[in-house]
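What follows draws every value from the coordinates through simple rules; no lab data is involved. Since the structure is predicted, the reported quantities are computational estimates derived from the model, not experimental observations. Here the Cβ positions follow ideal geometry from the backbone for every residue, glycine too, while neighbour counts run over all protein chains shown.
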Amino acid sequence: MFDVLGKLAWFFKKYWKQYTLAIILLIIATILEIIPPYLIGLIIDIITDGAMTKEILIQYVAIFISIIISGYILNFFWQYGLFEGAINLERIMRRKLMKQFLLMTPTFYEKNRTGDLMARSTNDLNAVSLTAGFGIMTLIDSTLFLGAIICAMGFMISWKLTFFAMLPVPIMAVLIQYLGRLVHERYMKAQDAFGNLNDNVLESVSGVRVIRAYVQEKKDEMKFADMSEDVYAKNMHTAKINALFGPITTIGTGISYVVALGYGSVLVSNGELTVGQLVTFNVYLGLAVWPIYAIGELINVMQQGNASLDRVQETLDYKADVANPQTAAHIELPHSVQFKDLSFQYPTSQAVNLKEISLSLKSGETLGIVGKTGAGKTTFIRQLLKEYPLKEGQLSIDDIDISSQTKEQVLDWIGYVPQSHVLFSRSIRENILFGKEDATDEDIDRSISLASFKEDLKNLPLGLETLVGEKGVSLSGGQKQRVSIARALIKNPEILILDDSLSAVDAKTEANIIRNIQRERSGKTTIITTHRLSGVQHADQIIVLDDGKIVEHGKHDALLKENGWYKEQFDRQQLEGAHS
């Protein structure tokens, strides 16, 4: 149960001063809480003996007021210190998770659902934070506070009465420990169900247009309702066990009260206790109700915190599939890119996705990559982005293996426009500046012109300040692509990769963008994958991929003479263009 505290030892070590001070203040406040019941007993005995005077009453009232004020101040500071530490832990863990998410490669996201990752970043982190704050408090209350109360009852009043009154406590502890294990198991299932629900909601929101287009609203609503019921059922399954902690504690303390009053009355009648001592004992017993109940709360919080921390730690412990080398080779600028007998297979694929790719690309050249759908065009590009570890063959930049270079160095040279254009829920200006944060207005204007987006910008209500909405929902497909292209071009990268990034624009706009890139990127490398061959006719090299292999390689005119797939596709597109 207390494994979670050991797993968080690094945090407690870092903030040991804050936690030590908070715990010391909590202990002092606990001791102060024990004094008033003892004073009440003394006052009752003084009144019973008829010895109460005005001076004695004022003295006791002054003591009570001093204890109340001191306790208030101490409680403020220990709660502030303890719960500030808990909030700090949540902040640190959330930052670690975010850093991990940004470092991870596609393999990680293929293995982990987005909804489950969100659940770990929210519910699980809240449970861990609760352990570091409320958990530590209940640990002190259920051990030191309860121990102090039992000692006060045993040594200051009657050890015999204390022994019999505390007999239900061990039985409660055993039952609570058993229930704690059930809570852990059921809480894990509830959190998994919540992750599934999150994932389903994300899919429904992102695909709402498709759902509406196919009139699947009712079906999706029913699916959500079923998953909500599943989450509800699993949480209620956990809540049923949690609900047993209170009654067990209530019954146990009730039995203790009956024993205390019954056996205590006998001791008073025998002269072994005074009336004041019996009242003090029962007040102590009342104070012991929370620490006894805190045992159940402690086990509950620790079990949930432990389960949640394990889920979070599982994510944090995941090692990136492509790690930076310990001793990295440094290259100032990439002058060439070489593929030598490179083969690659996705971790989840049953077949080899790239087969013996050999190719050399010099700085300033443009490479066109074409082929039918699923031929391996995007897979080819992903090797340069260092998204997956290389299997067979070699990929090198300036004759230095890419695995000997850091991911940051390689990606710093690259401007990448993916097939699925990703825009953030910000303004067009902010989306473009994502490529180069310190860019000037002139740089922005130039990149917009190169991406042939200037005319579209004039028709938008707020121009550059227009919010694109989540995933660029307020823009058309072609506008999204051109904003993405502008974002890549503002970086003025050494290697520009356009992965089928002109598919949503018309032929005229495509031609303008290609001409702009040719003119502005003289001396720099450009890689273009496309289904429309007009976009790569100007390329220095064109490769045709089929089933992961290079089946044709050369310039546009040379490939036309080969009478292969390229010639056949070019003729078909020319014919379609003439008819349109």
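Brief remarks on what is shown
- Across region 561-569, coupling constants 3J(HN,Hα) worked out from phi with the 6.51/-1.76/1.60 Karplus curve, θ = phi - 60°, read 6, 6, 6, x, 4, 4, 4, 4, 5 Hz, and Gly and Pro carry x.
- GluC sites (Glu not before Pro), loop per DSSP, at most 11 other Cβ atoms within 10 Å - longest free stretch of the chain: 1-331
- Sorting TYR318, TYR416 by the number of Cβ atoms found within 10 Å of their own Cβ, with the fewest placed first, yields TYR318, TYR416.
- Kirkwood Rh, angstrom, region 3-316 [1 / mean 1/r, Cα pairs]: 22.9 Å
- Using the Cβ-Cβ distance between THR378 and GLU217 with R0 set to 35 Å, the FRET efficiency from 1/(1 + (r/R0)^6) comes to roughly 0.60.
- Label point at MET52 placed 7 Å out along Cα→Cβ; residues across region 254-288 whose backbone nitrogen lies under 17 Å: 275-280
- Checking (i) 3, 12, 17, 17, 14, 11, 9, 7, 5, 3, 1, 0, 0; (ii) 3, 13, 20, 21, 15, 11, 9, 5, 2, 1, 0, 0; (iii) 3, 16, 27, 28, 18, 6, 1, 0 against the coordinates, the calculated P(r) over Cα pairs in 10 Å bins from 0, in percent falls under label (i).
- On full extension, the segment bounded by ARG572 and LYS13 gains 194.3 nm, given 0.36 nm per residue less the C-alpha separation.
- For the pair LYS99 and ASP226, label points projected 7 Å from Cα toward Cβ lie 4.2 nm apart.
- The trypsin sites (Lys or Arg not before Pro) of region 309-407 that DSSP puts in a loop, and whose beta carbon has at most 10 other beta carbons within 10 Å, are LYS319.
- From the Kirkwood radius over Cα pairs of region 274-427, Stokes-Einstein at 37 °C and 0.692 mPa s returns a whole-number translational diffusion coefficient of 157 µm²/s.
- Extension gain from ASP401 to SER363, taking 0.36 nm per residue of separation minus the Cα-Cα distance: 12.0 nm
- Region 366-434 shape via C-alpha gyration tensor axes, a/c threshold 1.5: oblate
- Cα-based Rg / Dmax (Å) for region 154-299: 25.5, 87
- FRET efficiency, VAL266 to ALA173 (Cβ-Cβ, R0 35 Å, nearest 0.05): 0.80
- Here the sum of -39500 (n - 2.57) over DSSP H runs of 4 or more residues, divided by the residues of the chain, equals -20500 deg cm²/dmol at 222 nm, to the nearest 500.
- Residues whose amide H comes within less than 5 Å of that of LEU496, counting only those at least five positions distant or on another chain, are GLY415, THR525, THR526, ILE527 (H built at 1.01 Å from N in the peptide plane).
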